[in-house]
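K.L.:
First the structure, then my questions, so here it is.
The values are calculated or read from the model by the stated rules, or taken from the named source; none is laboratory data. Remember, predicted model here, so these are calculated numbers, not experimental data. Positions of Cβ are generated from backbone atoms using ideal geometry, with glycine treated the same way; all protein chains shown enter the neighbour counts.
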C-alpha cells in the first residue's frame, strides 16, 4: 500500500499547507533531502496549547504531536505533489512545551513517530530528538520538524 493510500485508509484528510508565520519557508530542498520547518498542532479550530503535563497531559500532547505531523505531511505533499515521492523519513525533531522536571518527552513525540511508521512502513522509521522547552510559539504544547529523503 502506498503512503497516499495509507493516509486515506487511516481516515486522515491532509489540509492545505499553511503559509509560514515568520521569516522562513515551509521547506528547503537540497539534493535528495527535503528539510521541513517546524509545524504546530493547530488546524482550524483544533489546537493544543499549554505546558506538559500541568496544562496538557501526555496523552493529549501525543495527539498534539500527531496533528503537528499531519500539518508537516501537508507540506511534504505540497512540495513533492505526493507522499509517494518520499523514499524515507530521515529524522524528526520534536519540541515539547515542558514544565520543569518533566522527562517523558519521548512518549509525547511517539504521537508523531508512530504515525510516520503507520504511513510509510519501514521507510517511516527515523532518527529523532525529543527536547523539552520552557515555551513554544503561540503557547502550543508541541512543535515537530523533519528531514525527508526524496525518491530519485
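K.L.:
Looking only at the stretch 101-121, which residues are part of a loop (DSSP other than H, G, I, E, B) and either touching a strand residue (DSSP E or B) at 6+ places or on another chain (Cβ under 9 Å) or surrounded by 17 or more Cβ atoms within 10 Å (Cβ to Cβ) (or both)?
P.N.:
102, 103, 104
K.L.:
Here is a further query. Could you grab me the full set of residues in the stretch 122-150 that are free of Cβ contacts under 8 Å to residues at least 40 places away in the same chain and either surrounded by 15 or more Cβ atoms within 10 Å (Cβ to Cβ) or closer than 30 Å to residue 8 by Cα (or both)?
P.N.:
The answer is 122, 123, 124, 125, 126, 127, 128, 129, 130, 132.
K.L.:
List every residue pair whose Cβ atoms sit under 7 Å apart, with the two residues 6 or more apart in sequence or on different chains, where the first one lies in the stretch 20-36 and is in a loop (DSSP other than H, G, I, E, B) and the second, anywhere, is at pLDDT below 95.
P.N.:
26/20; 32/152
K.L.:
Right, here's the next one. Within the stretch 85-99, can one find any residue that is over 18 Å from residue 12 (Cβ atoms), over 14 Å from the mean Cα position of the chain (by Cα), modelled with pLDDT of 95 or more and surrounded by fewer than 16 Cβ atoms within 10 Å (Cβ to Cβ)?
P.N.:
The answer is yes, given that some residue of the stretch 85-99 is over 18 Å from residue 12 (Cβ atoms), over 14 Å from the mean Cα position of the chain (by Cα), modelled with pLDDT of 95 or more and surrounded by fewer than 16 Cβ atoms within 10 Å (Cβ to Cβ).
K.L.:
Let me ask something additional. Out of 74, 68, report the one residue that is surrounded by 15 or more Cβ atoms within 10 Å (Cβ to Cβ) and touching a strand residue (DSSP E or B) at 6+ places or on another chain (Cβ under 7 Å).
P.N.:
Matching residue, one of 74, 68: 68.
Matching residues to (1) surrounded by fewer than 12 Cβ atoms within 10 Å (Cβ to Cβ); (2) on the phi > 0 side of the Ramachandran plot:
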| site | (1), (2) |
| --- | --- |
| 6 | no, no |
| 14 | no, no |
| 23 | yes, no |
| 31 | yes, yes |
| 34 | no, no |
| 43 | no, no |
| 49 | no, no |
